[in-house]
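Derivation of every value follows stated rules applied to the coordinates shown; laboratory data play no part. None of these values were measured; they are calculated from a predicted model. Here the Cβ is made from the backbone with ideal geometry for all residues, glycine too, and neighbour counts use every protein chain on show.
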Amino acid sequence: MKHWQYYVILLAIIIALPVEFILIAAMLPYIGAIGVALAILAITWCICLAIYGVALMYHKLVLMDIRRQREYFSRRYIAIGGIAVFHQEDNPRNLSAERLSAPMLLEEEQQDLSAVDQMVVDRSKVLTLHFEEHMGMHKIADHLRLPYNQVRDWVNIAEALRDQEKRSW
């Protein structure tokens, strides 16, 4: 702050100080009522904080239960061809190199892929054929019997992400 600004602040404090004393002197007869009002305000705050604490704890317990149920129900095996994947929402793990304990489960779930799982498998095949086998988008669409627009969108998004990653390094 500049030098003159300190003087302005000091002048405002000196002028406001008598006004503050007058207000305090005017409130002295009502000090009991003011104390009661402050006590009621403090009690209200304590009650509201207690209710908020209980609601927050209940919310956290419900979230923990939802996560536990999601973890239990989201585990599944996906097997396509010679590749088996143990799929969880956060951590897919490739099991094709590991010994599988339930091959019957894999064969049963291979037939019952959900639409989301099938889309993930198709996208993986498209990107593998395009980037590793260097196959064109029309050939990929014909080979996998997928709409060309969908193949084009997946490849364009993957290429844009690759370019963005190269630029960030």
For the range 114-169, shape from the Cα gyration tensor axes a ≥ b ≥ c, cut at a/c of 1.5 then a/b versus b/c, turns out prolate
Per 0.36 nm of contour for each residue apart, how much would the distance between SER124 and ARG68 grow if the chain were fully extended, relative to their Cα-Cα spacing? 17.3 nm
Could you check the simple spin-label distance between TYR148 and LYS166, using points 7 Å along Cα→Cβ, in nm with one decimal? 2.6
Spin-label model distance (nm) - TYR58 vs LEU38, 7 Å beyond Cα toward Cβ: 3.4
Rough spin-label spacing in nm, given labels placed 7 Å along Cα→Cβ, for ALA25 and ALA115: 8.0
Please report Rg over Rh for the range 3-70, where both radii come from the alpha carbon positions and Rh follows the Kirkwood definition. 1.42
